[in-house]
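Each remark here refers to the structure printed beneath this line.
What follows draws every value from the coordinates through simple rules; no lab data is involved. Not measured: the values here are computed from a predicted model. No Cβ is skipped: glycine too gets one built from the backbone with ideal geometry, and neighbour counts run over all protein chains shown.
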């Protein structure tokens, strides 16, 4: 089994503003598999997923709602994800970059 990391980057007006990296195993163990979290369910270890500015508010809300259900080691990432979405506002784009 190969251990991979996933990088989450906030881009605004074509510039990298902020980001965070997490081991995929930690994130995969925490990702919801039900339809209550469709945005988080789109994240993939090996692919790239882009959340457009009109999706950031919903993604942030999902991340916050999922925090109580997530393992302790993933909660800081979910809170950072919600923070990045808020920081992106109506102009940002959040990129999940897998290996």
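By the helix-only formula, in which each DSSP H run with n ≥ 4 contributes -39500 (n - 2.57) and the sum is divided by residues, the chain has a 222 nm mean residue ellipticity of -9500 deg cm²/dmol.
Taking 0.36 nm per residue of separation and subtracting the Cα-Cα distance, full extension of the segment from residue 17 to residue 61 would add 13.8 nm.
Under 8 Å for C-alpha pairs, at least 6 residues apart: give me the relative contact order for the range 26-74, rounded to a whole percent.
49 percent
Relative contact order of the chain: 41 percent, from C-alpha pairs under 8 Å at least 6 residues apart in sequence.
Between residue 80 and residue 54, what FRET efficiency follows from the Cβ-Cβ distance if R0 is 22 Å, with the result rounded to 0.05? Using R0 = 22 Å, I get an efficiency of 0.55. Taking the chain as a Gaussian network of alpha-carbon nodes connected by springs under 10 Å, the highest mean-square fluctuation of the residues 69, 42, 53 belongs to 69. In terms of its C-alpha gyration tensor, the range 16-97 has a rounded overall shape, because the principal axis ratio a/c (a ≥ b ≥ c, square roots of the eigenvalues) stays below 1.5.
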